Amino acid sequence: MTDQKIDGGKRTWIIASSCAGAIGAGFVAVPFIKSFEPSERARAAGAPVEVDISALKPGEKMTVEWRGKPVWIVRRTPEQLAVLPKLDPLLADPLSKRNADELTPPYARNEDRSIKPEFLVVVGICTHLGCSPGDKFVPGPQPSLPDNWPGGFLCPCHGSTFDMAGRVFKDKPAPDNLEVPPHVYLSDSRILIGEEKRA
Ligand code: FES
């Protein structure tokens, strides 16, 4: 059993960080861990987390905790996937070459940054100063985003933006793409986060 939730549109994971004070009042902290059972303590110490993704619909995101960090699993739509190859000129590191050993496992060093294109698995922590970016999946003009916004994530702290593969846009404070954690598919509906092979 694992703690997991499908994110509602207005619910945003806020992690404790040096820039938490910069987050606007419109964001609501969502307590994630209500109690620590022994298995949860083990998980906080680094044990892998098994996640059931069978309820995740196209366009939805769920968040699970691994090593005290929020890990996002996004089921991308065909439209969201189709736009990714067109974004390369706008991105700081489109092929995820920077700090690849820490941020992008070999099996995610591709355009989608994923094992299965449909599912994005990334650590939801900005690579600038550690805030948690918010979902901005709807493309098009909107506050704090360019008119040609293709859909992705916006970090509220200092305005870094990431595409639907967690790749950071050029000329933003965040230096790197979002981290892809080690993970492996146990079946079509279950992912193990924190391990690349089942022990
Ligand atoms: S923490 Fe500064 S832009 Fe995300």
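The values are calculated or read from the model by the stated rules, or taken from the named source; none is laboratory data. Treat the numbers as computed from the prediction; the structure is a model and nothing was measured. Backbone-built Cβ (ideal geometry, glycine too); neighbour counts: all protein chains shown. With ligands, DNA and RNA removed, areas are computed over all heavy atoms of the protein, side chains included. Shrake-Rupley method; radii C 1.70, N 1.55, O 1.52, S 1.80 Å.
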**OP:** Output the strands (runs of 3 or more DSSP E) that fall wholly within the stretch 89-156 and possess 1 or more residues being within 16 Å of the ligand (Cβ to nearest atom) and touching a residue at least 60 places away in the same chain (Cβ under 8 Å), or say none.
**Re:** 134-136
Original post:
Is it the case that Lys136 is on the phi < 0 side of the Ramachandran plot and surrounded by fewer than 17 Cβ atoms within 10 Å (Cβ to Cβ)?
Top reply: no
Original post:
Residues in the stretch 181-197: is at least one within 16 Å of the ligand (Cβ to nearest atom) and either touching a residue at least 12 places away in the same chain (Cβ under 8 Å) or under 17 Å from the mean Cα position of the chain (by Cα) (or both)?
Top reply: no
**OP:** Return yes or no: is Asp163 open to solvent by less than 10 Å² (accessible area, probe 1.4 Å) and of a type in the set (Asp, Glu)?
**Re:** yes
Original post:
For the stretch 48-87, how many residues meet the condition of being of a type in the set (S, T, N, Q), within 15 Å of Ile193 (Cα to Cα) and surrounded by fewer than 16 Cβ atoms within 10 Å (Cβ to Cβ)?
Top reply: 0
Original post:
Hey, does the stretch 169-185 have a residue that's open to solvent by 60 Å² or more (accessible area, probe 1.4 Å), assigned to a loop (DSSP other than H, G, I, E, B), touching a helix residue (DSSP H, G or I) at 6+ places or on another chain (Cβ under 9 Å) and modelled with pLDDT of 95 or more?
Top reply: yes
**OP:** Within the stretch 97-115, track down each residue that is of a type in the set (S, T, N, Q) and either exposed (fewer than 15 other Cβ atoms within 10 Å of the Cβ) or at pLDDT below 95 (or both).
**Re:** Asn99, Asn110
Original post:
What about Pro85, is it within 16 Å of the ligand (Cβ to nearest atom) and over 16 Å from Pro181 (Cα atoms)?
Top reply: no
